[in-house]
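Enquirer: To start, I am sharing the structure in question, which I have written as structure tokens.
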Amino acid sequence: MLRLRQDIPLFPNGKKKALTLSYDDGVTQDERLLGLMNQYQIKGTFNINAGLMGDKDWLKQPRIDVSHDKFSKEKVKELYCGQEIAVHTMTHPDLPRVPEGMIAYEIAECRKELEELEEKPVTGMAYPFGTYNEKVKQAAKTCGITYSRTTKQTFAFDVPEDFLEWHPTIHHTEERLFSLWEEFLEPVTDEMYRQPQLFYMWGHSYEFDAFGQWEMIEEFLKKAGGHEAVWYATNEEIYRYVMAVRGLCYSASGDYIYNPGALDVWMMIDKKVYQIPSGESITIKKWEK
Ligand SMILES: [Zn+2]
């Protein structure tokens with residue numbers, strides 16, 4: 001018999017869409033952004049340079065002339081509570097140009113310092129300047145990094161195949177931000193559903209100061225928050241959930257699926273939603289003609 005069964009992962013509670021944010025450098029403007037994210041119940045990840053915590057700095061680039069002060073250790077510990085913090089290396093080097101023996105230090109030492117603040121494992125990362133190559137990816141993996149964000153925007157809603165090259169959907173300064181969000185929100189019927197959809201926005205909060213965009217970002221977060229159809233999650237929560245889906249164990253016939261992971265997983269199988277509880281097996285009802 002020809003099998004045409006389709007098993008398509010869903011996000012937690014059977015949702016088809018998720019939103020996550022990623023902001024870099026641990027700058028003091030994050031405080032205002034965090035206030036807005038918390039107000040509109042939006043989740044995300046903040047990528048911190050552990051070796052630069054507490055530094056006073058000013059950023060001068062074409063079109064940018066703005067404070068680049070970093071939060072102190074104490075403030076990092078207190079401020080990002082409820083959101084995720086992740087590795088952005090100790091000193092923000094262009095990693096592909098760093099001697100191999102120093103890449104591991106930049107990553108692992110940053111991890112260790114952030115973990116001491118968080119008192120739990122920190123396994124996420126964003127590549128400084130978005131730059132990486134195979135050598136950098138391998139070093140990150142060896143240092144216990146499970147996912148790392150690039151700066152290559154896709155304008156798409158795909159979950160990454162390779163989490164060590166996690167390309168974001170869009171940078172917040174893009175003109176298409178609002179129209180892309182509208183596109184993302186368009187309802188997806190069970191008939192149309194092909195894959196989970198992730199809207200992944202990234203940036204630096206100092207850009208809101210530099211470009212006078214605080215009103216814009218508040219308007220966006222207000223529009224983005226509070227949708228029943230969307231799962232609001234940190235980068236790590238998305239990574240862990242997708243790994244739980246990828247860890248499902250199928251019987252040879254596909255009639256039984258065992259979930260060995262710690263998270264419940266949702267799956268759409270032939271247009272029907274199944275919840276596969278952590279540590280349990282489910283039986284898929286056969287299609288009958
Ligand atoms: Zn950075």
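Enquirer: If we keep just the residues of segment 120-141 that are more than 16 Å from the ligand (Cβ to nearest atom) and within 22 Å of Ile238 (Cβ to Cβ), which is surrounded by the most Cβ atoms within 10 Å (Cβ to Cβ)?
Expert: Within segment 120-141, the first condition is being more than 16 Å from the ligand (Cβ to nearest atom), and the residues that meet it are 120-123, 133-135, 137-139, 141.
Checking which are within 22 Å of Ile238 (Cβ to Cβ) leaves us with 120-123, 137, 141.
Numbers: Lys120: 8, Pro121: 12, Val122: 23, Thr123: 19, Lys137: 17, Lys141: 13.
Out of the qualifying residues, it is Val122.
Enquirer: Name the single residue that is farthest from the ligand (Cβ to nearest atom) among those in segment 25-63 being surrounded by fewer than 19 Cβ atoms within 10 Å (Cβ to Cβ) and at positive phi.
Expert: Taking the candidates together, the pick is Gln41.
Enquirer: In segment 171-211, which residue that is within 16 Å of the ligand (Cβ to nearest atom) and among the charged types (D, E, K, R) is nearest to Ile8 (Cα to Cα)? If you could, list the steps in order and put the result at the bottom.
Expert: To start, the set of residues in segment 171-211 that are within 16 Å of the ligand (Cβ to nearest atom) comprises 171-173, 201-210.
Now drop any that are not among the charged types (D, E, K, R), which leaves 207, 209.
Values: Glu207: 38, Asp209: 41 Å.
Residue satisfying both the conditions and the ranking: Glu207.
Enquirer: Scan Ile257, Ile217 and give me the residue that is β-branched (Val, Ile, Thr) and farther than 27 Å from Asn38 by Cα. Working first, answer last.
Expert: Values: Ile217 fails: farther than 27 Å from Asn38 by Cα.
Only one candidate passes the filter, namely Ile257.
Enquirer: Within segment 272-286, does at least one residue satisfy the condition of being farther than 14 Å from Leu10 by Cβ, in contact (Cβ under 8 Å) with a residue 60 or more places away in the chain and touching a helix residue (DSSP H, G or I) at 6+ places or on another chain (Cβ under 6 Å)?
Expert: Within segment 272-286 (the criterion being farther than 14 Å from Leu10 by Cβ, in contact (Cβ under 8 Å) with a residue 60 or more places away in the chain and touching a helix residue (DSSP H, G or I) at 6+ places or on another chain (Cβ under 6 Å)), the answer is no, since none of the residues qualifies.
Enquirer: Let me ask something else about it. Would you mind telling me which numbered condition in (1) of a type outside the set (A, V, I, L, M); (2) over 18 Å from the mean Cα position of the chain (by Cα); (3) under 27 Å from Asn259 (Cβ atoms) Gln29 fails?
Expert: (3)
Enquirer: Another question, then. Being at positive phi and free of Cβ contacts under 8 Å to residues at least 12 places away in the same chain is the requirement here; does Gly212 meet it?
Expert: yes
Enquirer: Which ones in segment 41-60 are among the aromatic types (Phe, Trp, Tyr) and closer than 14 Å to Tyr80 by Cα?
Expert: First pass over segment 41-60, keeping only residues among the aromatic types (Phe, Trp, Tyr): 46, 58.
Within segment 41-60, just Phe46 meets the criteria.
Enquirer: Also, quick follow-up: Sort through Pro160, Pro168 and tell me the only one that's within 15 Å of the ligand (Cβ to nearest atom) and either aromatic (Phe, Trp, Tyr) or touching a strand residue (DSSP E or B) at 6+ places or on another chain (Cβ under 6 Å) (or both). Walk me through it before giving the result.
Expert: Details: Pro160 fails: within 15 Å of the ligand (Cβ to nearest atom).
Selected residue: Pro168, the only one of Pro160, Pro168 that is within 15 Å of the ligand (Cβ to nearest atom) and either aromatic (Phe, Trp, Tyr) or touching a strand residue (DSSP E or B) at 6+ places or on another chain (Cβ under 6 Å) (or both).
Enquirer: So, one more: Determine whether segment 215-223 contains at least one residue that is part of a loop (DSSP other than H, G, I, E, B) and free of Cβ contacts under 8 Å to residues at least 40 places away in the same chain.
Expert: Among the residues of segment 215-223, not one is part of a loop (DSSP other than H, G, I, E, B) and free of Cβ contacts under 8 Å to residues at least 40 places away in the same chain, which makes the answer no.
Enquirer: Part of a helix (DSSP H, G or I) and either surrounded by fewer than 16 Cβ atoms within 10 Å (Cβ to Cβ) or within 16 Å of the ligand (Cβ to nearest atom) (or both): is that true of Val76 in this structure?
Expert: Details: part of a helix (DSSP H, G or I): yes; either surrounded by fewer than 16 Cβ atoms within 10 Å (Cβ to Cβ) or within 16 Å of the ligand (Cβ to nearest atom) (or both): yes.
Taking the combined requirement at face value, the residue satisfies it.
Enquirer: Whether any residue in segment 234-253 is of a type outside the set (A, V, I, L, M, F, W, C) and over 30 Å from Pro121 (Cβ atoms) is what I want to check. Write out each step before concluding.
Expert: First pass over segment 234-253, keeping only residues of a type outside the set (A, V, I, L, M, F, W, C): 234-237, 239-241, 246-247, 250-251, 253.
Then drop every residue that is not over 30 Å from Pro121 (Cβ atoms), which leaves 251, 253.
Among the residues of segment 234-253, at least one is of a type outside the set (A, V, I, L, M, F, W, C) and over 30 Å from Pro121 (Cβ atoms), which makes the answer yes.
Enquirer: Let me ask another. Is one or more of the residues making up segment 41-56 assigned to a helix (DSSP H, G or I), over 16 Å from the mean Cα position of the chain (by Cα), within 30 Å of Trp266 (Cα to Cα) and in contact (Cβ under 8 Å) with a residue 60 or more places away in the chain? Give the derivation first.
Expert: Applying the first criterion (assigned to a helix (DSSP H, G or I)) to segment 41-56 yields 50-52.
After this cut, where a residue has to be over 16 Å from the mean Cα position of the chain (by Cα) as well, the list is 50-52.
From the residues that got through so far, the ones that are within 30 Å of Trp266 (Cα to Cα) too are none.
No, because not a single residue in segment 41-56 is assigned to a helix (DSSP H, G or I), over 16 Å from the mean Cα position of the chain (by Cα), within 30 Å of Trp266 (Cα to Cα) and in contact (Cβ under 8 Å) with a residue 60 or more places away in the chain.
Enquirer: Would you confirm, using the coordinates I've provided, whether Leu4 is within 16 Å of the ligand (Cβ to nearest atom) and of a type outside the set (Lys, Arg)? Step through it out loud before you land on a result.
Expert: Numbers: within 16 Å of the ligand (Cβ to nearest atom): no; of a type outside the set (Lys, Arg): yes.
When the stated conditions are applied, Leu4 does not pass them.
Enquirer: Which ones in segment 92-103 are over 14 Å from Thr131 (Cβ atoms) and either part of a loop (DSSP other than H, G, I, E, B) or within 12 Å of the ligand (Cβ to nearest atom) (or both)?
Expert: So in segment 92-103, the residues over 14 Å from Thr131 (Cβ atoms) come out as 99-102.
Within segment 92-103, Pro99 is the sole residue that qualifies.
Enquirer: Just checking, how many residues over segment 114-138 are under 20 Å from Gly44 (Cα atoms) and not β-branched (Val, Ile, Thr)? Even if it seems obvious, please write down each step before you answer.
Expert: The initial filter retains those residues of segment 114-138 that are under 20 Å from Gly44 (Cα atoms), namely 114-115, 117-130.
Filter once more, so that each one left must be not β-branched (Val, Ile, Thr): 114-115, 117-121, 124-130.
So the count comes out to 14.
Readers should treat all values here as calculations from the given coordinates under stated rules, not as data from a laboratory. Owing to the predicted nature of the structure, the values given are computational and were not obtained by experimental measurement. In this analysis, Cβ positions are derived from the backbone assuming ideal geometry, glycine residues included, and neighbour counts consider all displayed protein chains.
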